[in-house]
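First the structure, in the form of structure tokens, and then the observations on it.
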Amino acid sequence: MDKLLFGISGLPIGNGSDKFNYASGISYIKSIGLDAMELLFVRSVNVTDTNKDIILKSKFDNDIYLSAHGSHYINLNADELEKQIQSMNRIINATEALSKVEGRSLIFHPGFYLKDSKEDTYKTIRDNLLKLPYRGVDYRVETTGKGTQFGTLEELVSLCKEVSSCKLCIDFSHIHARENGSLKRYDNFVRILEYVLDELGREALDDMHIHMGGINYGEKGEKNHLPLLESDFNYRDCLRALKDFNVKGCVILEGPFVEKDALLLKNTYVKL
């Protein structure tokens with residue numbers, strides 16, 4: 001990519017009474033100045049042969065970047081082998097649907113530690129990711145917001161080194177919550193970007209997928225998303241670090257204010 005795009009997770013809310021589908025939602029976010037949409041496959045894969053053509057037309061007409069968030073029911077470290085296989089099938093089904101609308105990245109949380117050591121969990125998840133077929137959609141493993149979830153920055157960077165089909169999705173809000181409010185200053189965000197640069201190279205910063213938003217958390221990590229201005233997440237310094245490192249790719253806003261907060265992010269970034 002040649003710049004940083006800004007978009008939303010799921011459908012916009014409009015004036016509160018608007019009823020959007022993916023195609024009309026894409027047109028709407030373009031009209032207000034946004035660049036990207038992350039389709040939500042968290043409960044079911046909702047791109048089908050019935051609606052794919054109208055979504056694809058809207059994507060091209062409006063020059064919108066599409067990604068998708070995979071199922072919440074993925075655990076590549078499940079105790080039962082059958083559940084691991086089901087998780088892999090959910091990932092495959094999501095990538096097949098996303099490819100129908102020429103989406104770029106499938107974002108998902110890889111799994112949970114459960115009773116396993118962090119080392120054994122890593123090996124199981126890595127081996128299952130290596131079994132997934134690559135069909136032109138990048139597997140974006142996402143940093144997670146709770147200590148029970150596999151998905152520290154270090155774990156995922158290591159996965160990206162070992163699994164060629166995997167790329168990173170940095171959810172800065174999740175890192176902030178997982179570490180009980182650790183991202184307070186500009187230097188905290190710089191540390192993350194320097195680590196990615198050192199470990200994965202400049203090409204990783206030139207093709208980033210980023211989640212950001214207000215977040216509520218406690219000692220055990222993430223609780224729920226909040227509007228940006230009702231949270232202590234330091235989005236200004238995060239955006240400043242992204243600009244100073246000339247990060248390119250896509251920033252997706254997650255939170256209840258959807259396009260309002262996405263525009264807040266984009267407008268703040270432009271003014272820096």
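The values are calculated or read from the model by the stated rules, or taken from the named source; none is laboratory data. The model shown is predicted, which means the values in this text are computed figures rather than measured ones. Please note: Cβ atoms are built from the backbone with ideal geometry, for glycine as well, and neighbour counts cover all protein chains shown.
Can we say GLU38 is touching a Ser or Thr at 6+ places or on another chain (Cβ under 6 Å) and acidic (Asp, Glu)? Outline the logic, then answer.
On the way: touching a Ser or Thr at 6+ places or on another chain (Cβ under 6 Å): yes; acidic (Asp, Glu): yes.
Criteria met by GLU38.
Pull up region 261-272, narrow it to residues that are in contact with a helix residue (DSSP H, G or I) (Cβ under 9 Å, 6 or more places away or on another chain) and without any contact (Cβ under 8 Å) to a residue 40 or more places away in the chain, then point me to the one that is farthest from VAL42 (Cα to Cα). Top of the filtered list is LEU272. For LYS83, state whether it is more than 21 Å from the chain's Cα centre (by Cα), of a type in the set (Lys, Arg), surrounded by fewer than 21 Cβ atoms within 10 Å (Cβ to Cβ) and modelled with pLDDT under 95. No: the conditions fail for LYS83. Restricting attention to region 166-183, the residues being surrounded by fewer than 24 Cβ atoms within 10 Å (Cβ to Cβ), in contact (Cβ under 8 Å) with a residue 12 or more places away in the chain and small (Gly, Ala, Ser) number 1.
Out of VAL137, VAL163, one residue alone is more than 23 Å from ILE8 (Cα to Cα) and without any contact (Cβ under 8 Å) to a residue 60 or more places away in the chain. It is VAL163.
Select from region 29-41 the residues that are more than 15 Å from ARG104 (Cβ to Cβ) and either among the basic types (Lys, Arg) or crowded, with 19+ Cβ neighbours inside 10 Å (or both) and list them in ascending order. Before you say what the answer is, go through the steps one by one.
From region 29-41, those more than 15 Å from ARG104 (Cβ to Cβ) are 29-34, 40; that's our starting set.
Selection gives ILE29, LYS30, LEU34.
Reported count of residues in region 46-70, each being surrounded by fewer than 20 Cβ atoms within 10 Å (Cβ to Cβ) and either closer than 23 Å to GLN84 by Cα or of a type outside the set (A, V, I, L, M) (or both), is 12. Does LEU229 satisfy the condition of being in a helix (DSSP H, G or I), buried (at least 17 other Cβ atoms within 10 Å of the Cβ) and at pLDDT 95 or above? It is false that LEU229 is in a helix (DSSP H, G or I), buried (at least 17 other Cβ atoms within 10 Å of the Cβ) and at pLDDT 95 or above. The numbered conditions (1) assigned to a helix (DSSP H, G or I); (2) within 18 Å of the chain's Cα centre (by Cα) are all true for TYR269 except (2).
GLU96 satisfies every condition listed in (1) touching a helix residue (DSSP H, G or I) at 6+ places or on another chain (Cβ under 9 Å); (2) surrounded by fewer than 18 Cβ atoms within 10 Å (Cβ to Cβ); (3) not β-branched (Val, Ile, Thr) except (1).
Quick check on this structure: which one of SER17, SER44, SER27 is of a type in the set (S, T, N, Q), in a loop (DSSP other than H, G, I, E, B) and over 26 Å from ASN93 (Cβ atoms)?
Details: SER44 fails: over 26 Å from ASN93 (Cβ atoms); SER27 fails: in a loop (DSSP other than H, G, I, E, B).
Only one candidate passes the filter, namely SER17.
Being aromatic (Phe, Trp, Tyr) and either out of contact with any Pro (no Cβ under 8 Å at 6 or more places or on another chain) or loosely packed, with under 14 Cβ neighbours inside 10 Å (or both) is a description that does not apply to PHE257. Each residue in region 190-225 was checked for being outside any helix (DSSP H, G or I), within 20 Å of ASP2 (Cβ to Cβ) and not hydrophobic (A, V, I, L, M, F, W, C), and 4 pass.
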